[in-house]
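Contents: one structure, followed by commentary.
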Amino acid sequence: MTIATAEPRRWNKPPLIKRAWLRWALGLGAAVYLALALGTIDVNWVRVWDGLPRGVRFVTAFFPPDFTSRWDEIAEGIAESIWMTIVSTAIGIALSIPIGIGAARNIAPAPVYYFCRAVLAVSRSFQEVILAIFFVKLFGFGPFAGFVTLSFATIGFYGKLLAEDIEDMDPAPAEAVRATGAGWLQWINYGVQPQVMPRMIGLGLYRLDINFRESAVVGIVGGGGIGATLNTAFDRYEFDSAAAILLIIIGIVMLAEYSSGYLRRWVQ
Amino acid sequence: MAVATTEVKKIWQHRERNAQLAIWAAWLAGTALFVFSFQLISEKTIWAFVWDAPTQAGDLAGRMVPPDWAFIAQLGRPIWDTLNIATLGTVAAVILAVPIAYCAARNTTPSLTLVRPVALFIIVSSRSINALIWALMLVTIVGPGVFAGIIAIGLRSIGFCAKLLYEAIEEIDEAQVEAVRATGASRAQVTAYGIVPQVLPAFAGISVFRWDINIRESTVLGLVGAGGIGLELNSAITTLAWTQVSLMLLVIVATVIVGEWVSAKVRHAII
């Protein structure tokens, strides 16, 4: 009796991209792009070297940060940011509900659908800061411009997600409500709303969190809130105050994240 | 479902009485908070400027039309810089996010008590500070230019990529890891053959998704001096060259939409 012996074979990891030519083309393309991109960046190493002590000063400013000497300005900026966040999230969500419903393909007629989708696309394409520049021009400096900016940005975010959620809903319950002879508003309220509500509450809290973070930057271009205070601190090279502001922002965002996780569990 | 019995008839009610009361109370508190906040904002607002806004908007719109199409010839370099900031920043962030995510995921972290909290703190601080603020800091440190923008985008994206990646690592199928371990593989081999193949699609998806977000973010970094099209936009706004501004806004929208389309295509191909 002979024992059949197989040739010893070595197992090789299968490649991520199966087509060889595509693998090579992508690799080559990436290499060429990197070479071109890195070639066009001129880093002024002398300037970087000069700036390093400033960087060290900035890092050391965190130990300890200076909460006291500018405390009044910081407190006012934070309070303004929080009010802006609350008002803009509420108004932004209120406005995004009709637009989101209009942008859902399965319940809106075609002209409404395209109009609402266009509004959402414009709102989402521009970064908050660009919007803020224009709203500051229109409404003057201060928290009102910041609030309008954040509301407008909220519409793009919340409206798009609401529309997608409505498009993914189960049509059967909505159909059942319609079969009872419900009017359009009743149909939306009892057939559609309960299906999207749990996720939308979570997203609303998430947007609250985003709006607070963004409120820190609209101030840089004049939209009020903590960003204005932060920008002033940088302009004065008061890194210890800036460090204090950044730590407060991080603290509030962490707090918001934990409490929104808790709230979401409670709601669902 | 609750049914209230009033003498003889049964009436269908949407909710129990207590639930209904709690909801009303929440609405009341929310409305009060909203009115209070709005009142504080309105105190700091010069309403004459607000009422004047429609006229101002009309005026501004009039100045922005038609866009200065000839100016597009000078926008090639700024757009190239913007794309570089987004791409190189994403690449840097992704490379740094991998070890942080590995340390933050419950099932792979070297130490739950020491390393994991540090990794989570890095993730939160990176996520809570906007790219523009990172840029503001870096411009004072490394000087104005594309380099500051790349680092700013990178620092901002680490948190996002690491968070999504560590969540993906925590959701892997442990059975496969167990199987690789049972062959006598070392820790590094378990990672390479048991964990990496499972999270690779998620990883690629996250990177492309973040790249798409970063294109949008990098359009504004120039406002604080960190290079890209924001630099041109800022100088056009300060010199009141509104026809150039409107052209740049169109270019930005086009770039963002193309970026979103590419990212959607790539993610569709991977997942």
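Values in this text are rule-based calculations from the coordinates and carry no lab data. Owing to the predicted nature of the structure, the values given are computational and were not obtained by experimental measurement. Note: ideal-geometry Cβ built from the backbone for every residue, glycine included; neighbour counts use all protein chains shown.
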statement: Counting other chain Cβ atoms within 10 Å of each Cβ in B:123-135 and taking the mean gives 6
statement: Correct semi-axes for the stretch A:1-129, from √(5λ) of the alpha-carbon gyration tensor and rounded to whole Å with the largest first, are 49, 38, 21
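At a temperature of 4 °C and a viscosity of 1.567 mPa s, determine how fast the protein assembly as shown diffuses translationally according to Stokes-Einstein, using the Kirkwood radius over alpha-carbon pairs as Rh; express D in µm²/s, rounded to the nearest whole number. Please list the in-between numbers first.
Working: Rh = 26.1 Å.
Answer, rounded: 50 µm²/s.
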field: Per-residue average of Cβ from other chains inside 10 Å of A:160-167
entry: 0
statement: Sequence order, the stretch A:121-133: Karplus ³J(HN,Hα) from phi using 6.51 cos²θ - 1.76 cosθ + 1.60, θ = phi - 60°, Hz rounded, Gly and Pro as x, gives 4, 5, 5, 7, 6, 8, 5, 3, 5, 5, 4, 4, 4
- request: Could you run the Karplus curve 6.51 cos²θ - 1.76 cosθ + 1.60 with θ = phi - 60° over the stretch B:13-21 and give me ³J(HN,Hα) per residue in whole Hz, x for Gly and Pro?
  value: 10, 5, 9, 5, 4, 5, 4, 4, 5
query: Taking only the alpha carbons of the stretch B:132-213, what extent do you get along each of the three principal axes, in Å, biggest first?
result: 53, 23, 15
field: Whole-Hz ³J(HN,Hα) from phi, Karplus 6.51 cos²θ - 1.76 cosθ + 1.60, for the stretch A:55-64, glycine and proline x
entry: x, 4, 4, 5, 5, 5, 4, 6, 10, x
- prompt: Across peptide A:131-142, how many C-beta atoms of other chains are within 10 Å of each residue C-beta, on average?
  reply: 5
field: Size of chain B as Cα extents on the principal axes (Å, biggest first)
entry: 73, 69, 36
message: So if I take the centroid of the Cα atoms in the stretch B:243-271 and the same for the stretch B:139-161, what is the distance between those two points in Å?
response: 21 Å
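Could you sort B:118-126, A:67-75, B:20-28 so that the peptide with the highest average Cβ count within 10 Å comes first and the rest follow in order?
On the way: B:118-126: 18.3, A:67-75: 14.6, B:20-28: 10.9.
Ranked by mean Cβ neighbours within 10 Å, highest first: B:118-126, A:67-75, B:20-28.
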message: Would you work out the Kirkwood radius for the stretch B:38-106? I mean one over the mean of 1/r across all pairs of different Cα atoms, in Å.
response: 17.5 Å
- line: The alpha-carbon center of the stretch A:110-135 and that of the stretch B:65-134 are separated, in whole Å, by 24 Å
statement: With the convex hull built on the alpha-carbon atoms of the stretch A:59-199, volume per residue in Å³ sits at 159 Å³
task: Stick to the Cα atoms of chain A, pair each with every other, and give me the Kirkwood hydrodynamic radius in Å at one decimal.
output: 23.0 Å
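By average Cβ neighbour count within 10 Å, what is the ranking of A:24-30, A:154-160 from highest down?
The peptides rank, most packed first, as A:154-160, A:24-30.
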- request: With +1 on each Lys and Arg Cβ and -1 on each Asp and Glu Cβ, and nothing else charged, work out how big the dipole of the stretch B:34-98 is about its Cα centre, in Debye to the nearest 20.
  value: 140 debye
